[in-house]
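S.K.: First the structure, then my questions, so here it is.
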């Protein structure tokens with residue numbers, strides 16, 4: 001059998017497993033995020049609030065970036081899970097602290113102010129990149 005095909009057949013099940021575990025962790029992180037933040041972003045998004053959509057998109061990206069690095073640098077599923085949980089915890093606590101310290105920003109996002117949403121996204125992504133770099137070592 002061709003070595004390239006053999007490599008694919010050997011590696012594909014591992015890829016699917018790692019991808020599935022990481023996506024499941026991302027979905028869990030998004031679910032937790034929705035329950036710990038003061039905004040009900042999905043309701044606001046359904047009502048046409050672009051600032052809420054921007055903020056929520058930043059949260060999803062902010063959670064996925066460190067998880068992607070966990071998967072990329074892992075040696076197995078347990079490695080992904082352990083470091084993924086650490087990454088999610090850091091991100092979610094950062095998001096929550098951001099909401100607490102910048103009290104007016106969630107209200108401003110609720111009111112549709114894009115400037116507030118952009119600031120929130122910038123902080124979420126900045127922390128995500130630092131978190132990802134720390135995980136990658």
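S.K.: What is the angle, in °, between the Cα long axis of helix 50-72 and the longest principal axis of the Cα atoms in the chain? Nearest 10 is fine, range 0 to 90.
M.R.: In the chain, helix 50-72 runs at an angle near 30 degrees to the longest axis.
S.K.: Among 46, 96, what is the fewest-to-most ranking by other Cβ atoms within 10 Å?
M.R.: Numbers: 46 11, 96 15.
Fewest-to-most Cβ neighbours within 10 Å comes out as 46, 96.
S.K.: Rank 116, 72, 59 by mean-square fluctuation in a GNM of the chain with C-alpha springs under 10 angstrom and give only the top-ranked residue.
M.R.: It is 72.
S.K.: A further question on this structure: Please compute, for the alpha-carbon atoms of the chain, the extent along each of the three principal axes and give them in descending order in Å.
M.R.: If we take the Cα atoms of the chain, the spans are 61, 30, 22 Å.
S.K.: Using the number of other C-beta atoms within 10 angstrom as an exposure proxy, rank 127, 75 with the fewest first. Mind showing how you got there, number by number?
M.R.: Values: 127 20, 75 7.
Neighbour counts put them in this order, fewest first: 75, 127.
S.K.: Roughly how tilted is helix 114-136, in degrees to the nearest 10 and between 0 and 90, from the longest Cα axis of the chain?
M.R.: 30 degrees
S.K.: Can you give the three extents of the C-alpha atoms in the range 49-98 along their principal axes, from longest to shortest, in whole Å?
M.R.: Extents along the principal axes: 41, 19, 11 Å.
S.K.: Would you mind calculating the relative contact order of the range 49-114 from Cα pairs under 8 angstrom and at least 6 residues apart, reporting the percent as a whole number?
M.R.: Values: 36 pairs, mean separation 35.6, N = 66.
Normalised by residue count, the contact order of the range 49-114 is 54 percent.
S.K.: If you average the sequence gap of Cα pairs under 8 Å that are 6 or more apart and divide by the length of the chain, what percent do you get for the contact order? Don't skip to the end; give the middle numbers.
M.R.: Values: 150 pairs, mean separation 46.1, N = 137.
Once divided by the residue count of the chain, the mean separation gives 34 percent.
S.K.: Counting helices only, and only those DSSP H runs with n ≥ 4, report the 222 nm mean residue ellipticity of the chain as the sum of -39,500 (n - 2.57) divided by its residues, in deg cm²/dmol to the nearest 500.
M.R.: Details: 6 runs with 118 residues, N = 137.
Result for the chain, helices only: -29500 deg cm²/dmol.
S.K.: Sketch the reach of a paramagnetic label on residue 47 as a point 7 Å from Cα along Cα-to-Cβ, and name the residues of the range 97-137 whose backbone nitrogen lies under 18 Å away.
M.R.: Answer for this model: 104-117.
S.K.: Need one number: nm distance between label points at residue 27 and residue 78, each 7 Å from Cα along Cα→Cβ, rounded to one decimal.
M.R.: Reported label-point gap for residue 27 and residue 78 is 2.5 nm.
Any read-out appearing in this document is the output of simple, stated calculations on the displayed coordinates, not a laboratory observation. These numbers were taken from a predicted model, which means no experiment stands behind them. Neighbour counts are summed over all protein chains in view; Cβ atoms, including those assigned to glycine, are modelled from backbone coordinates with ideal geometry.
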